[in-house]
Amino acid sequence: MIRFENVTKTYDPNIIGLEDVSVHIERGEFAFLVGHSGSGKSTFIRLLLKEFEPSEGSITVAGRNLQRMRRAAVPHHRRSIGCVFQDFKLLPNRTVAENVAYALRVTGQPARSIRRKVPEILQLVGLGDKMSNRPDELSAGEQQRVSVARAFVNHPSLLVADEPTGNLDPDTSVGIMQLLYRINRTGTTVLMATHDREMVDKMRKRVIALGGGKVIRDEDKGLYR
Amino acid sequence: MRFRFFFSEALDSLTRNWVMSVAAIVTVLVSMFVLGIGAFVFFNLQNATSGVRNKLEIEVFIKNAASQDQINQLGDQIKSMPEVKDVNFVSKDEALNRLRESMKGHEDVLNALSGNPLPASYEIFLKDQNNIDSVARKFYTNPVVDNDISSHLNADLSPSATSMPVSAGDGTKFTAGMYFRIDNEVMRVSGDPNGDTVPMARAQVGTTAAAHGAHSEIVNTDGIKTGGETTDRVLKATNYILIGGAGFVALLAVASILLISNTIRLSIFARRREVEIMRLVGATNWFIRWPFVMEGVFTGLVGATGAVIMVLLVQNFFVNNIVEQMPFLGAETVPLFWLLLFIIGGGGVLGSVGSGLALRRFLKI
């Protein structure tokens with residue numbers, strides 16, 4: 001699903017984002033990306049989304065080589081990846097349903113299928129009764145659920161979460177983790193960057209540890225350490 | 001569906017940032033208004049000057065002493081010239097009739113005349129107006145042609161004429177008690193001590209041709225009048241006005257574009273969160289751009305519509321009130337359809353260029 005081959009990314013001047021990283025993540029896998037701030041987690045995710053190019057090496061996502069991808073194909077590439085962020089990235093002046101519908105609307109889906117899919121996915125994340133609320137009327141955990149719903153409403157084959165529990169208390173985090181786990185069970189590959197030691201240790205999934213831009217550890221059923 | 005999405009997003013931006021939007025709209029309005037008024041002035045000048053051009057180009061006055069044979073011979077000679085398109089004989093009676101008609105309401109001026117002082121003439125129309133001078137020159141030495149028309153007329157007509165400079169529309173100074181052309185009529189400006197210049201005023205810009213004495217540059221010889229030089233001068237003046245006006249409009253257009261661009265920049269900034277999310281969920285570049293383009297075009301169109309309304313109001317006011325008082329101005333309104341198309345199109349162009357500029361500089365996708 002994800003293939004990083006000897007990927008190096010340097011920012012000018014000579015700041016290393018990633019250095020010679022080779023990682024393979026299989027379809028349907030659940031993987032944690034752990035490491036301190038500045039260890040290269042965000043660079044990894046932004047390279048996946050083709051927000052910028054690697055300085056060296058090649059990246060393949062879902063069988064598509066990102067270096068050979070035309071600019072016009074980038075939006076379609078991003079549609080196949082669902083994204084969840086620490087700060088939710090919800091539109092504050094729109095209702096929950098509109099926020100989720102936004103992802104469908106900008107991809108040009110017909111109104112009828114939007115009307116069908118949005119309540120469906122909000123039921124799935126447990127927000128069926130909060131559809132017409134605005135994000136600021138929701139708790140942080142609920143907002144993150146909206147964000148997950150928006151990421152998953154297109155049923156992408158890959159879901160990328162950048163510290164989704166970073167702003168949440170432990171109990172709420174468990175709820176989000178359960179949601180991501182359920183999404184993974186449907187066959188979706190989930191890659192989650194996190195600082196959350198407790199969560200990583202509890203889940204016993206694959207752990208890829210980054211440090212100083214390098215992969216310092218990669219083990220199945222690993223611990224945060 | 002898609003269009004509605006873009007439209008509502010654009011409208012949302014416009015109202016959210018309404019102070020800047022209004023500023024941009026007003027700038028577009030002013031520049032398009034100046035453009036519209038310029039089009040109005042240009043249209044009327046064109047009408048006036050092309051009117052002159054299509055009218056008589058050379059008029060050859062015939063001495064009263066000329067015999068009918070000589071007159072016919074001159075006519076044949078003119079007809080045989082390759083440069084001549086058409087020639088028309090105007091008898092003395094006809095000349096007077098025309099003068100009478102053009103001076104309706106001021107017959108008292110004519111009644112002061114004894115007999116018919118007007119000479120017979122040939123009106124010559126050329127195929128190519130550039131030949132005016134060369135053709136006219138051929139008549140300078142013709143014995144039948146009256147090359148001393150002014151003294152002849154003055155002697156006949158207005159011994160008591162006071163010398164009173166008046167001005168035609170193009171600034172040429174004339175002296176009262178002289179003859180000049182108005183809409184193909186030879187007519188005299190009376191030396192009315194009250195300074196009644198109404199007959200003079202009916203001379204449209206550039207239609208005056210023969211004038212008394214040295215006051216007019218357009219008399220090659222007294223007996224041969226050409227309309228070409230006046231027309232050229234009017235056209236030259238028109239060109240200066242046009243260049244100046246175009247420069248002014250260009251400046252205003254640049255200001256509008258920059259203001260629209262700045263407005264769009266602000267709304268890109270205000271919507272950066274939306275833009276970021278759109279990118280993340282895989283919206284195509286044009287999907288992200290369209291609402292901003294529409295916002296710019298909308299700004300331009302609203303401004304242009306305001307300008308059209310103002311131009312129409314000014315035109316109507318001008319045509320109804322001013323032209324009524326001073327009919328010699330003979331202003332006409334620009335055909336509505338073209339005006340609308342011109343201004344609205346201009347507004348749309350300003351808007352799209354402005355938003356294009358902002359998108360290129362501030363919306364990195």
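The values are calculated or read from the model by the stated rules, or taken from the named source; none is laboratory data. Note that the structure is predicted; figures quoted are calculated from it, not measured. Using ideal geometry, Cβ is built from the backbone for each residue, glycine included, and neighbour counts are taken over all protein chains shown.
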Given (1) buried (at least 18 other Cβ atoms within 10 Å of the Cβ); (2) over 17 Å from the mean Cα position of the chain (by Cα); (3) in a loop (DSSP other than H, G, I, E, B), index of the condition A:L168 fails: (2)
Enumeration of residues in the stretch B:1-43 that are of a type outside the set (A, V, I, L, M, F, W, C) and closer than 16 Å to B:I268 by Cα: B:S8, B:E9, B:D12, B:S13, B:T15, B:R16, B:N17, B:S21
Residue list for the stretch B:78-92, filter: outside any loop (DSSP other than H, G, I, E, B) and either in contact with a helix residue (DSSP H, G or I) (Cβ under 7 Å, 6 or more places away or on another chain) or more than 10 Å from B:I58 (Cβ to Cβ) (or both): B:K79, B:V84, B:K85, B:D86, B:V87, B:N88, B:F89, B:V90, B:K92
Test: A:S132 is more than 14 Å from chain B (Cβ to nearest Cβ), on the phi < 0 side of the Ramachandran plot and assigned to a loop (DSSP other than H, G, I, E, B): yes
Criterion (surrounded by fewer than 19 Cβ atoms within 10 Å (Cβ to Cβ) and farther than 23 Å from A:S173 by Cβ) met by exactly one of A:S139, A:S80: A:S80
Pairs, first touching a residue at least 40 places away in the same chain (Cβ under 8 Å) and more than 11 Å from chain A (Cβ to nearest Cβ) in the stretch B:267-279, second among the charged types (D, E, K, R) and surrounded by 20 or more Cβ atoms within 10 Å (Cβ to Cβ), C-beta under 9 Å, six or more apart: B:S267/B:E295
Matching residues in the stretch B:1-22 - criterion: being more than 12 Å from every other protein chain (Cβ to nearest Cβ) and surrounded by 15 or more Cβ atoms within 10 Å (Cβ to Cβ): B:F7, B:A10, B:S13, B:L14, B:N17, B:M20, B:S21, B:V22
Only listed residue being at pLDDT below 90 and either of a type in the set (A, V, I, L, M, F, W, C) or touching a Ser or Thr at 6+ places or on another chain (Cβ under 8 Å) (or both), chosen from A:F44, A:F52, A:F30: A:F52
Residue tally, condition modelled with pLDDT under 80 and under 14 Å from B:F33 (Cβ atoms), over the stretch B:319-356: 3
So A:R105, is it at pLDDT below 90, crowded, with 19+ Cβ neighbours inside 10 Å and of a type in the set (D, E, K, R): yes
Boolean, B:I264 is surrounded by 17 or more Cβ atoms within 10 Å (Cβ to Cβ), modelled with pLDDT of 85 or more and more than 14 Å from chain A (Cβ to nearest Cβ): yes
Some residue of the stretch A:126-148 being free of Cβ contacts under 8 Å to residues at least 60 places away in the same chain and within 30 Å of A:R3 (Cβ to Cβ): no
Test result for B:A48, at pLDDT below 75 and either in contact with a Gly (Cβ under 9 Å, 6 or more places away or on another chain) or among the polar types (S, T, N, Q) (or both): yes
Selected residue (criterion: farthest from the chain's Cα centre (by Cα)) from residues of the stretch B:261-285 that are under 22 Å from B:F298 (Cβ atoms) and outside any helix (DSSP H, G or I): B:A283
Single unsatisfied condition, A:S113 versus (1) assigned to a helix (DSSP H, G or I); (2) surrounded by fewer than 20 Cβ atoms within 10 Å (Cβ to Cβ); (3) at the interface with chain B (Cβ under 8 Å from one of its Cβ atoms): (3)
Residues located in the stretch A:116-129, provided they are within 14 Å of chain B (Cβ to nearest Cβ) and either β-branched (V, I, T) or surrounded by 21 or more Cβ atoms within 10 Å (Cβ to Cβ) (or both): A:V118, A:I121
